[in-house]
Amino acid sequence: MDFSLPTETRELLERTRQFIKQTIIPLENDPRQTAHGPTEEFRSELVGLAKSVGLLTPHASKEMGGLGLSHLAKAAIFEAAGYSRLGPVAMNIHAPDEGNIHMMEAIASPSQKERWLKPQVQGKIRSCFAMTEPAPGAGSDPSMLLTSAVKDGADFVINGRKWFITGANGADYVIIMARTEDNRSTMFLSDMNASGIEIERNMNSLDQCFTGGHSVLSFKNLRVPAENILGEYGKGFRYAQVRLGPARLTHCMRWLGQAQRAHDIATEYARNRQAFGKSLGEHEGVGFMLADNDMDLQTARLHILHTADLLDQGEQANFESSRAKVVCSEAEWRVVDRCVQILGGQGVTAETEVMRIFTDMRAFRIYDGPNEVHRWSMARKIIDRKNG
């Protein structure tokens with residue numbers, strides 16, 4: 001396996017690092033960063049900054065106005081962007097838009113791309129992905145999908161309720177997963193200001209890094225023209241994997257940047273803080289935590305690079321994607337947890353970024369499928385492979 005980056009990507013990586021360090025990190029305490037993510041005004045300002053230096057939506061294809069990054073190149077650039085929680089927002093590579101852009105490029109019709117995808121790649125609009133439902137609807141088990149889509153003339157009429165829909169508040173369009181009368185899952189596109197869509201409330205959550213936060217949505221007799229079906233009728237679950245597989249890996253990339261940031265802050269603190277006649281880092285209890293951090297960071301990075309390399313070769317890599325998601329979310333969490341411990345009182349206050357990283361990252365073991373579901377899926381494949 002060759003994980004070396006071409007010269008062009010190395011130059012882009014250095015440009016990204018400098019942009020995050022010099023332009024984005026100084027904005028981290030802007031009051032427009034709220035409990036439900038950056039305000040729309042703040043997001044637009046951040047997007048403008050990335051656009052001015054040619055770093056906006058780099059993962060989109062060149063035809064759509066992006067840089068057409070490979071998965072391996074994304075691994076480097078997304079980690080660098082993730083060094084600040086505002087970096088992915090500025091570069092338009094945050095969730096859920098990054099995954100939606102990827103899926104829209106793969107399966108949307110030309111007219112759908114012109115209407116929604118093109119302005120999204122330009123950073124002018126946002127999107128959300130409405131699949132998760134309150135009990136007894138779909139959560140980790142998508143087969144429990146309850147939102148219905150009933151054919152009525154040239155339209156489908158959608159009814160149902162979704163929750164934990166990231167970015168819905170302020171989004172311009174939504175991708176809706178619904179079940180049709182013949183019991184088939186299908187994806188539909190709709191403007192968020194359409195009659196029949198209501199944002200019931202924003203849900204307060206541990207993380208505060210996603211623009212628009214997480215919302216509860218209801219669909220009440222929402223009419224969607226048949227031409228707004230995304231992809232082919234009845235292939236919603238299949239398309240969800242087109243989106244979720246790479247999205248799991250890009251979560252790993254972005255939060256690896258956050259874990260590295262926390263480690264760097266803790267290392268600097270351990271180097272300079274004195275206790276019992278020497279620096280904290282000279283005490284084995286702290287030094288060993290820094291060493292363990294280094295091993296966890298490298299383990300996560302290697303899993304990302306390996307899976308990215310497989311995706312670049314055209315492999316499905318579903319097993320590897322699940323493995324990377326579990327390994328990275330747990331390794332990166334351990335890193336940040338140790339950093340809080342090293343920083344002591346500083347680690348549980350907003351005096352450094354570590355506390356914010358800690359609260360944001362806890363949800364990673366749940367997002368894009370709880371780790372327990374991924375382990376269960378991997379176990380079935382391992383058993384099948386052995387029996388085969």
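From the list ARG243, ARG238, ARG271, the one residue that fits, being closer than 19 Å to MET177 by Cβ and free of Cβ contacts under 8 Å to residues at least 12 places away in the same chain, is ARG238. Taking the stated definitions as given, is CYS339 within 22 Å of ARG85 (Cβ to Cβ) and in contact with a Gly (Cβ under 7 Å, 6 or more places away or on another chain)? So CYS339 fits the description; yes.
Of the helices (runs of 4 or more DSSP H) lying entirely inside the stretch 28-123, those carrying at least 1 residues that are hydroxyl-bearing (Ser, Thr, Tyr) are 40-52.
Considering the conditions (1) touching a His at 6+ places or on another chain (Cβ under 9 Å); (2) free of Cβ contacts under 8 Å to residues at least 12 places away in the same chain, ASP312 is excluded by exactly one of them, (2). Scan the stretch 207-266 residue by residue and report those that are aliphatic (A, V, I, L, M) and under 16 Å from the mean Cα position of the chain (by Cα). ALA240, VAL242, LEU244, ALA247, LEU249, MET253, LEU256, ALA259, listed by residue number. None of LEU49, LEU5 is over 30 Å from ASN204 (Cβ atoms) and either of a type in the set (A, V, I, L, M, F, W, C) or assigned by TED's automatic domain parsing to the domain that holds VAL89 (or both) except LEU5. Is it true that ARG248 is in a strand (DSSP E or B) and either at pLDDT below 95 or over 26 Å from LEU117 (Cα atoms) (or both)? Here the answer is no, as ARG248 does not meet what is asked.
Within the stretch 142-159, the set of residues being of a type outside the set (Val, Ile, Thr), in contact with a Lys or Arg (Cβ under 9 Å, 6 or more places away or on another chain) and surrounded by 15 or more Cβ atoms within 10 Å (Cβ to Cβ) comprises LEU145, LEU146, SER148, ALA149, ASP155, PHE156, ASN159. If the condition is being in a helix (DSSP H, G or I), of a type in the set (Val, Ile, Thr) and surrounded by fewer than 16 Cβ atoms within 10 Å (Cβ to Cβ), then the stretch 337-358 contributes only VAL348.
Suppose we keep only residues that are surrounded by fewer than 16 Cβ atoms within 10 Å (Cβ to Cβ) and either among the small types (Gly, Ala, Ser) or touching an Asp or Glu at 6+ places or on another chain (Cβ under 8 Å) (or both) within the stretch 120-141. Which one would you say is nearest to ALA240 (Cα to Cα)? Filtering first and then ranking leaves SER140.
Just to be sure before I move on: is LEU280 closer than 23 Å to ARG338 by Cα and either surrounded by 17 or more Cβ atoms within 10 Å (Cβ to Cβ) or modelled with pLDDT under 95 (or both) in the structure I sent? It is true that LEU280 is closer than 23 Å to ARG338 by Cα and either surrounded by 17 or more Cβ atoms within 10 Å (Cβ to Cβ) or modelled with pLDDT under 95 (or both). Among the residues of this structure, TRP116 does not count as one that is buried (at least 16 other Cβ atoms within 10 Å of the Cβ), assigned by TED's automatic domain parsing to the domain that holds GLU198, over 19 Å from ARG184 (Cα atoms) and touching a residue at least 40 places away in the same chain (Cβ under 8 Å).
Looking at the stretch 363-380, which of its residues are basic (Lys, Arg) and buried (at least 16 other Cβ atoms within 10 Å of the Cβ)?
ARG365
The values are calculated or read from the model by the stated rules, or taken from the named source; none is laboratory data. In this text the structure is predicted, and so the values were computed from the model without any measurement. Positions of Cβ are generated from backbone atoms using ideal geometry, with glycine treated the same way; all protein chains shown enter the neighbour counts.
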